[in-house]
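As structure tokens, the structure follows; a few thoughts come after it.
The values are calculated or read from the model by the stated rules, or taken from the named source; none is laboratory data. The structure displayed is predicted, hence computed values, not measured ones. So basically every Cβ, Gly included, is an ideal-geometry build from the backbone, and we count neighbours across all protein chains shown. These area figures cover heavy atoms from the full protein model, side chains too; ligands, DNA and RNA do not enter into them. Shrake-Rupley method; radii C 1.70, N 1.55, O 1.52, S 1.80 Å.
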Amino acid sequence: MKKEIDPKAVSVRLIQRMKDLDISGADITRATGASSAAITKWRQGINAPTRYILPLSRLLQCTPEWLLHGEEPRNISAQRAAAPLPTTEDAMP
């Protein structure tokens, strides 16, 4: 089942990460290729940045799941830390 995306909630998380990391709309344009009008709509909670979620989440140093749905872990490093490390048994045929 596909999860609903609440553009207003995405906007809150987007603006907070922009403040936390001192990122401007121009920075987002450069990183994603999205127009300034699209970014304005994301910030206003009119649309969600689904098409640009991967480069945007990399720039904002958060997971796509957190940005779109508020799901933890928020930080990419926390997501990596939670993932199990591969073992030598995983590499064997």
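Of everything in segment 49-69 that's in contact with a Phe, Trp or Tyr (Cβ under 9 Å, 6 or more places away or on another chain) and of a type in the set (Ser, Thr, Tyr), which residue is most open to solvent (accessible area, probe 1.4 Å)?
Tyr52
Scan segment 1-12 for residues that are open to solvent by less than 90 Å² (accessible area, probe 1.4 Å) and either in a loop (DSSP other than H, G, I, E, B) or in contact with a strand residue (DSSP E or B) (Cβ under 6 Å, 6 or more places away or on another chain) (or both) and jot them down. Quick ask: steps written out before the conclusion?
Initially, segment 1-12 is screened for residues open to solvent by less than 90 Å² (accessible area, probe 1.4 Å), giving 5-7, 9-11.
Across segment 1-12, the qualifying residues are Ile5, Asp6.
In segment 16-43, what residues are under 18 Å from Trp66 (Cα atoms) and either open to solvent by 50 Å² or more (accessible area, probe 1.4 Å) or among the small types (Gly, Ala, Ser) (or both)?
Gln16, Lys19, Asp20, Leu21, Arg43 - these are the residues of segment 16-43 that are under 18 Å from Trp66 (Cα atoms) and either open to solvent by 50 Å² or more (accessible area, probe 1.4 Å) or among the small types (Gly, Ala, Ser) (or both).
Which of the helices (runs of 4 or more DSSP H) found entirely inside segment 13-79 contain at least 1 residues meeting this: of a type in the set (S, T, N, Q), free of Cβ contacts under 8 Å to residues at least 60 places away in the same chain and within 20 Å of Lys3 (Cα to Cα)?
Answer list for segment 13-79: 53-59.
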